[in-house]
Amino acid sequence: MKNVMGIINVSRRDELLKELTSLRCIASVPFGGRYRLIDFVLSSMVNSGIYNVGVFTLNKYRSLMDHLGFGKEWDLNRKRDGLFILPPPINYPFGYYRGDMQNFYSHIDYFHRSKQEYVIIAGSNIVCNINFNQAFAVHQETKADITVFYKEIKNEEEEFAQCRRIEVDEYGRVTDIEDKTGRLKSKKVFIEMFIMKKTLFIDIIEESNKMEYSNLIRDGLIRNINRLNIFAFHYSGYLAIVNSVNNFFKHNMDLLKKDVWQELFYRPGLIYTKVKDEPPAKYMDQASAVNCLVANGCLIEGRIENSILSRGVKVRQGAYIKNSIVMQRNEVGKNAVIENAILDKEVYVSEGKELIGEKSQPLLIGKKIVP
């Protein structure tokens, strides 16, 4: 896919994940012990042969820049093309941020200079492992102006209640896209990924700027649904759209299932992340671990069960962690109990402390807090 450039749009509301996004954008939220949310769509693009990727940021993107660096881990540190992190403009035309179209317009020269003929645009909170080649083949076969991605769901779940739905006719043409959720009763969930020619994308951006439109999906797609040929591509693989603390917890726990883990991290390609040189996890004599993901650099002296531990976590003697996510460089003191909880980075849980949440409502402890 040398003729396709990738756009990762980080311009979305961060408050959905509460404390997890109080100091970082949603794209750099840790996931699965060693990864960040952006790793999945970025790895999918690279595995599909896309080597010009622009990441459009909005705010709180320092940790994202630290994570991505020059893109070495994704083979994007190149003399030509590669990874570009594109910050928002310093001064907005209207004095405030109105939508992602402003960000795209402020970097319109990036699109003009790029040599690729097509663009694939995707959000940064989508957890999947997707082969974009298949979707691109469908886009060319149908001669669509725009191809949008969707997933057919069987049951209504909390995470998809917040997602737009689409309607598709018998030929695969999109006949309707929701602006606000709840209007359509369709089972086709819009994943907010789409393919189009770069020239069309530039036209949409420039036209929106003239008309003072601000939102790519609402003003670029929905307003043009009767003017352009918009077709749909059905994605059938594992999908998580992380848009609440509850489904962040749920999909992390999904990784403890072998079939989910293997599908998400190995098929159709590997998921890459920033490499850190740390020793393997160390288990002391009293340690016990049942059905857990434990990253390198951890020291386990207590018991852990059905949990995900990120790099450098210390679990002291007598401590017990169950059904929980414990992020990087946390320390759980002697005889402390953690259950149904999410602990952000660098939390210190003192000796004997009990932090217990509900399975349906996990307890969330913010970064560097001493509960």
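Mind putting together the pair-distance distribution for region 255-371? All Cα pairs, 5 Å bins, whole percent per bin, short to long.
Going out from 0 Å in 5 Å bins, region 255-371 shows 3, 12, 21, 25, 19, 12, 7, 2, 0 percent.
Could you pull out the chymotrypsin sites (Phe, Trp or Tyr not before Pro) across region 169-219 that fall in loop regions by DSSP (anything but H, G, I, E, B) with no more than 11 other Cβ atoms inside 10 Å?
Here the chymotrypsin sites (Phe, Trp or Tyr not before Pro) that fit, given the DSSP loop and packing criteria, are Y171.
Which angle from 0 to 90°, rounded to the nearest 10, does the C-alpha axis of helix 198-211 make with the longest principal axis of the chain?
Approximately 80 degrees, to the nearest ten.
Using 0.36 nm per residue, how much length does the chain from E15 to D75 gain when fully extended, once their Cα-Cα distance is taken away? Before the final figure, lay out each step's value.
Numbers: separation 60, 0.36 × 60 = 21.60 nm, distance 3.16 nm.
Computed gain between E15 and D75 is 18.4 nm.
Which order do the peptides 179-188, 242-251, 133-142 take when ranked by the mean count of other beta-carbon atoms within 10 Å per residue, highest first?
The packing order, highest mean first, is 242-251, 133-142, 179-188.
For A289, which sequence-distant residues (separation of 5 or more, or a different chain) have an amide H within less than 5 Å of its own amide H, given hydrogens modelled in the peptide plane?
When sequence neighbours closer than 5 places are left aside, the close amide H contacts are I304.
Kindly express, to the nearest 10 degrees and within the range 0 to 90, the angle between helix 38-47's C-alpha long axis and the longest C-alpha principal axis of the chain.
60 degrees
What ranking, highest mean first, results for peptides 319-328, 145-154, 257-266 when packing means the other Cβ atoms within 10 Å averaged over each residue?
Averaged packing, sorted descending, gives the order 319-328, 145-154, 257-266.
Can you list the equivalent-ellipsoid semi-axes of region 329-371, largest first and in whole Å, using the square root of 5 times each Cα gyration tensor eigenvalue?
Taking √(5λ) for each eigenvalue gives 16, 13, 7 Å, largest first.
May I ask you to order 156-167, 343-354 by the average number of other C-beta atoms within 10 Å around their residues, highest value first?
Highest to lowest by the protection proxy: 343-354, 156-167.
How much accessible area per residue does region 1-130 have, counting only protein heavy atoms and a probe of 1.4 Å, in square angstrom? Don't skip to the end; give the middle numbers.
Numbers: 5360 Å² over 130 residues.
The answer is 41 Å² per residue.
Roughly how far apart, in whole Å, are the Cα centres of region 213-243 and region 298-329?
Value for the Cα centre distance between the two parts: 40 Å.
Please report, as a whole percent, how much of the solvent-accessible surface of the chain comes from carbon and sulfur atoms (probe radius 1.4 Å).
Whole-percent figure for carbon plus sulfur exposure: 47.
Around H112, under 15 Å between beta carbons, what's the net of Lys plus Arg minus Asp minus Glu among the other residues?
Charge balance in the 15 Å sphere: -1.
How far is helix 132-142 tilted, in degrees, relative to the longest principal axis of the Cα atoms in the chain, given as a value from 0 to 90 rounded to the nearest 10?
In the chain, helix 132-142 runs at an angle near 20 degrees to the longest axis.
With point charges of +1 on the Cβ of Lys and Arg and -1 on the Cβ of Asp and Glu, referenced to the Cα centre of the chain, which listed residue (V4, I300, N209) lies farthest in the positive direction of the dipole?
Toward the positive end, the furthest listed residue is I300.
Once you place label points 7 Å from the Cα toward the Cβ at D277 and M211, how far apart are they in nm?
Going by the 7 Å Cα→Cβ label model, 5.4 nm.
Kirkwood hydrodynamic radius, region 1-159, all distinct C-alpha pairs: what's the number in Å?
Hydrodynamic radius (Kirkwood, Cα only) of region 1-159 equals 16.7 Å.
Restricting to DSSP H runs of at least four residues, report the calculated mean residue ellipticity at 222 nm for the chain, -39500 (n - 2.57) per run over all residues, nearest 500 deg cm²/dmol. The partial results should precede the final answer.
Details: 9 runs with 78 residues, N = 371.
Theoretical 222 nm ellipticity from helices: -6000 deg cm²/dmol.
Antiparallel DSSP bridges in the chain: what percent, to the nearest 5?
30 percent
With the alpha-carbon atoms as the only input, what is the per residue convex hull volume for region 217-306 in Å³?
Taking only Cα atoms, region 217-306 has a hull volume of 161 Å³ per residue.
Largest first and in whole Å, give the semi-axes of region 240-285's equivalent ellipsoid, each being the square root of 5 times a Cα gyration tensor eigenvalue.
Values: eigenvalues 106, 56, 35 Å².
Equivalent ellipsoid of region 240-285: 23, 17, 13 Å, largest first.
Multiply the residue gap between Y171 and S288 by 0.36 nm, knock off their C-alpha separation, and tell me the result in nm, one decimal place. Mind showing how you got there, number by number?
Values: separation 117, 0.36 × 117 = 42.12 nm, distance 5.52 nm.
Going from the current span to full extension adds 36.6 nm.
Can you tell me the dipole magnitude for region 256-369 around its Cα centre, using point charges on the Cβ only (Lys, Arg +1; Asp, Glu -1), in Debye to the nearest 20? Kindly include the intermediate steps, with their values, before the conclusion.
Numbers: 18 positive and 14 negative charges, 50 e Å.
The dipole of region 256-369 has a size of about 240 debye.
Can you work out the accessible area per residue across region 131-280, with the rest of the protein chains kept in place, probe 1.4 Å, in square angstrom?
Per-residue accessible area for region 131-280 comes out at 50 Å².
The values are calculated or read from the model by the stated rules, or taken from the named source; none is laboratory data. As the structure is a prediction and not an experimental result, all values here were calculated from the model. Cβ sites come from the backbone with ideal geometry, for glycine too, and all protein chains shown count toward neighbours. Just the protein is used for accessible areas: all its heavy atoms, side chains included, with ligands, DNA and RNA removed. Shrake-Rupley method; radii C 1.70, N 1.55, O 1.52, S 1.80 Å.
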